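Chemist: Below: one structure in structure tokens.
The values are calculated or read from the model by the stated rules, or taken from the named source; none is laboratory data. All values derive from a computational prediction rather than experimental measurement. Heads up, the Cβs are rebuilt from the backbone with ideal geometry, glycines too, and the neighbour counts pull from every protein chain shown. What goes into the accessible areas is simple: the full protein's heavy atoms, side chains included, and nothing from ligands, DNA or RNA. Shrake-Rupley method; radii C 1.70, N 1.55, O 1.52, S 1.80 Å.
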Amino acid sequence: MVKNRYYSAGLSSGVLVNMTNLRLPGLIDPHVHLREPGATHKEDFESGTKAALAGGFTIVLAMPNTSPPLIDDESLSLAETAAAQKAVCDYGIHLGASPQNIETAAQLAPRSSGLKLYLDATFGPLHLTDLHIIREHFGRWPHQRPILCHAEDRTLAAILMVAYLEKRSVHICHVSRRAEIEIIRDAKMRGLDVTCEVGPHHLFLTTDDIPRLGAGRSEVRPRLATPDDAAALWANMDVVDCIATDHAPHTLAEKDSDKPPPGFPGLETSLPLMLTAVHEGRIELDDLIKKMSDNPRRIFALPEQPDTWVDVDVDAGWRVPEKQVSRCGWTPFAGMPVRGQVQRVTLRNQVVYENGLFFATPGSGRNIAPVYQERGS
Ligand code: DOR
Ligand code: ZN
Ligand code: ZN
């Protein structure tokens, strides 16, 4: 590990704090499922944003596949109200695209952090299959706001064509396969306005881990891919814009049931896993900061967070515990040896997390949506 670096808030430049302490900018996770409204037994805005702070994140962007899904004023208001009362880190809320909400979604854009299109079947009711409706969303959603797509395999190729024809940017969620990262690489080379994210679970777990984890606990969408797919993600790290957790908490009882829902928690393990990769020489620390802070801030047009930083002991070696801050109470990475531990998180000059303890008042997290920024709330 290169130690002679210090990252002051928001800056990718460095000096030494002491032998093993690094000060990083607040990390940004553009892809989390906080389960509110509708499934607070799995997670809510308080438990989820606490898990975020414990993992070094100071902004999280919440996904709309809740119950009800966030597709109109009424449902979005439910999430906004819960978050305003409970969040302990800053947050944005993505709207979901449905066949009926093309106009409504565009009107609600200033209250959201992006429009999410579910183009393959996954957890929850949001699934768009009609190509005409997909194009209408691309045409109607404001061009300066991001569109995010769950688009695997051939669906990915289709959505790249739609983005090209509609002359707008698109952000591809949780890329997991060789063919996907390669087509994104080639699309970028041809000048398409495409960005993408990869989840640590697709970098650190593969189909080889399924027997050890068991069938239910390895269910995730996109599914765990082959070691060759994971190798392709590592080999094309220069194509990857963001590391996003896709924190998707489900309880252990649900994971071990007859119908295990797909998804892994990830907020607390993402940074330690990625710092372990830095130790192993698989990624540069500067690059990691870009993918976990600078790039998501730019892609999602997020505000700077003044006087906000994360203190990390980069050399601390530990094993991921079974118990997590996340209400789901488990992790597929339990027992894994990692190096690098979040010690303290400072948000707007307040220590909000230190060595397992939380000092933030529920509701102190701010909504980063443009309309809330303007109001200064
Ligand atoms: O594994 C997944 N879980 N993939 C998704 O796309 C959704 C997520 C969830 O909400 O649980
Ligand atoms: Zn997804
Ligand atoms: Zn997701």
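Chemist: Per residue, how much accessible surface does the chain expose to a 1.4 Å probe? Answer in Å², no decimals. Mind dumping the intermediate values first?
Modeler: Values: 14500 Å² over 377 residues.
Counting only protein heavy atoms, the per-residue value for the chain is 38 Å².
Chemist: Using amide H atoms built in the peptide plane, which far-off residues or other-chain residues are under 5 Å from residue 244 H to H?
Modeler: 198, 199
Chemist: Determine the percent antiparallel among the DSSP beta bridges restricted to the chain, to the nearest 5.
Modeler: Working: 19 of 43 bridges.
Looking only at bridges with both residues in the chain, the antiparallel portion is about 45 percent.
Chemist: Under a no-solvent Debye model with one identical scatterer per Cα of segment 107-186, what's log10 I(q)/I(0) at q = 0.18, 0.20, 0.27 Å⁻¹?
Modeler: Values, matching the q order: -0.74, -0.91, -1.49.
Chemist: Are there GluC sites (Glu not before Pro) in segment 292-362 that DSSP marks as loop and that have at most 14 other Cβ atoms within 10 Å, and which are they? Write down the numbers at each step before the final one.
Modeler: Working: sites: 304, 322, 354; in loops: 304, 322.
In loop regions of segment 292-362 (DSSP not H, G, I, E or B), the sparsely surrounded GluC sites (Glu not before Pro) are 304, 322.
Chemist: Still on this model: Please identify the helices of the chain, taking whole runs of DSSP H, that span at least 15 Å along their own axis as judged from the Cα atoms and have a mean Kyte-Doolittle score of -1.0 or higher. Display every interim value, and only then the final one.
Modeler: Values: long enough: 73-86 (19 Å, -0.39); 153-165 (19 Å, 1.34); 178-189 (16 Å, -0.37).
Once both thresholds are applied, what remains is 73-86, 153-165, 178-189.
Chemist: Which lysines, if any, have their Cα less than 28 Å from the Cα of residue 42, not counting same-chain residues under 8 positions apart?
Modeler: Partners within reach: 50, 86, 116, 255, 259, 291, 323.
Chemist: Whose amide H sits under 5 Å from the amide H of residue 368, counting only residues 5 or more places off or on another chain, with H placed in the peptide plane?
Modeler: The list, which skips near neighbours in sequence, is 91, 92.
Chemist: Quick check on the chain: what does the Kirkwood estimate of hydrodynamic radius come out to from the alpha carbon pairs, in Å?
Modeler: Roughly 20.5 Å, rounded to one decimal.
Chemist: To the nearest 500 deg cm²/dmol, what mean residue ellipticity at 222 nm is calculated for the chain from DSSP H runs of n ≥ 4 alone, each contributing -39,500 (n - 2.57), summed and divided by the residues? Could the numbers behind the result be given before it?
Modeler: Numbers: 14 runs with 114 residues, N = 377.
Rounded to the nearest 500, it is -8000 deg cm²/dmol.
Chemist: Additional query: Leaving out ligands, DNA and RNA, and with a 1.4 Å probe, what % of the accessible surface on the chain is carbon or sulfur? Write out the running numbers ahead of the final one.
Modeler: On the way: 7350 of 14500 Å².
Carbon and sulfur: 51 percent of the exposed surface of the chain.
Chemist: What length, rounded to one decimal in nm, is gained on full extension from residue 361 through to residue 189, with 0.36 nm per residue of separation minus their alpha-carbon distance?
Modeler: Numbers: separation 172, 0.36 × 172 = 61.92 nm, distance 4.60 nm.
Stretched out fully, the residue 361 to residue 189 stretch lengthens by 57.3 nm.
Chemist: Please return the longest range in the chain lying between exposed loop sites, taking trypsin sites (Lys or Arg not before Pro), DSSP loop only, at most 16 other beta-carbon atoms within 10 Å, and leaving the sites out.
Modeler: It runs 4-166.
Chemist: Hey, another quick one. Got the relative contact order for segment 98-248 handy, in percent, Cα pairs under 8 Å and 6 or more residues apart?
Modeler: Working: 224 pairs, mean separation 30.3, N = 151.
It comes to 20 percent, rounded to a whole number.
Chemist: So if R0 is 51 Å, what FRET efficiency would residue 351 and residue 135 give, r being the distance between their Cβ atoms, rounded to the nearest 0.05? Can you show the working numbers first?
Modeler: Numbers: r = 48 Å, r/R0 = 0.94.
Computed FRET efficiency for residue 351 and residue 135 comes out at 0.60.
Chemist: In addition: Can you tell me the dipole magnitude for segment 94-166 around its Cα centre, using point charges on the Cβ only (Lys, Arg +1; Asp, Glu -1), in Debye to the nearest 20?
Modeler: Values: 6 positive and 7 negative charges, 51 e Å.
Roughly 240 debye for segment 94-166.
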